[in-house]
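A quick write-up on the structure given underneath.
No lab work stands behind these numbers, since they all come straight from the coordinates. Because the structure is predicted, anything quoted here is derived from the model rather than measured. All Cβ positions, glycine included, derive from the backbone under ideal geometry; neighbour counts span all protein chains shown.
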Amino acid sequence: MRLVGPNGEQVGIVRIEDALRLALESDLDLVEVAPTAKPPVCKLMDFGKYKYEAAVKAREARKNQTNTVLKEIRFRLKIDKHDYETKTGHALRFLAAGDKVKAMIQFRGREQQRPEMGIRLLNKFAEDVAEVGIVESAPRIDGRNMVMVVGPLKNKAEAKAEARRQAQRETDRAKAAEAKARVDTSEQPAMTQSLGDALGDDLQAKLVQAREAAEAAEAAAAAEAPEVEEAAPAAEAPVVEAVEEAAPAVEAPEPVAEAPKAAAPKAEAPKPVAEAPKAAAPKPAAEAPKPVAAPKPAAAAPKPGIPRPAPRPAPRPAK
């Protein structure tokens with residue numbers, strides 16, 4: 001067999017036993033990659049890793065795989081301007097997303113005799129969507145309808161990638177605007193201006209006048225305070241002397257006030273007289289008679305009994 005190394009180098013034609021020994025020594029798998037070749041081709045590789053990488057590639061291919069869809073837009077020959085703009089906007093959105101657009105005009109009645117009007121309308125539609133699409137099939141009659149196919153300039157994969165990039169740009173722009181709106185206070189200089197500096201000249205002058213008036217009032221109050229304190233001792237001196245001089249006059253009546261104390265025993269003599277009435281206290285008056293209990297009402301007269309019927313005479317025996 002022809003053997004290929006793990007890095008793609010050519011080992012040459014070797015026996016199967018030697019190839020198996022080399023695979024065992026290098027801790028790899030011996031995989032036959034070309035069984036129909038003469039001699040067969042085998043390669044040393046990690047077969048598990050090879051299968052995993054193949055699965056990842058297949059998954060990525062399916063992820064990027066896109067299916068182009070054919071969108072259909074229908075017109076009338078007498079379509080209004082607003083309706084035409086609305087349908088053209090839908091076609092632009094479909095083409096920008098990578099889908100094809102099939103424009104169809106439906107003819108009714110005698111409109112089928114004027115196919116040039118349909119061709120003119122479809123050509124105008126193709127010019128309006130020329131920024132994102134290109135005409136793949138020219139206008140053609142299909143029964144009572146006229147059909148034209150417009151394909152996108154970008155395939156669906158490119159359209160999706162462009163949409164993702166646009167969304168990312170919008171997100172970055174929003175984050176930048178938010179960061180700019182956020183106020184950074186770390187680098188701002190310290191505030192050296194006070195509230196008084198922000199006031200006008202008139203208000204500052206009024207504040208200065210008010211401050212000067214307050215200081216003048218405080219100075220006047222401080223100048224009057226010592227005079228009051230010096231006058232206070234002069235006013236208090238006569239009062240103290242007057243009290244001291246009046247003190248002997250108050251003490252003089254004390255001997256006169258003691259005389260009634262000696263006559264106190266005489267005043268005690270009437271005490272026995274006062275006690276006599278206690279011994280001769282009148283006896284308590286006789287107890288008031290207890291109220292006589294009211295007589296009980298007489299027993300009610302017995303009700304007359306109900307007369308009993310007279311006993312019937314016993315029947316006489318028959319003769």
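Summary table
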read-out	value
Leading residue at positive end of dipole, the range 2-64 (Cβ point charges), from Ile16, Gly5, Phe47	Phe47
Cβ charges +1 (Lys, Arg) and -1 (Asp, Glu), total dipole of the range 70-160, debye	300 debye
Largest to smallest principal axis extent of the C-alpha atoms in the range 70-160, angstrom	44, 26, 17
Net +/- balance of residues flanking Glu72 in space, Cβ distance below 13 Å, scoring K and R +1, D and E -1	+3
Student exercise, the range 1-83 dipole from Lys, Arg, Asp, Glu Cβ charges, in Debye to nearest 20	860 debye
Counted charge near Asp128, where neighbours are those whose Cβ lies closer than 11 Å (Asp, Glu -1; Lys, Arg +1)	-1
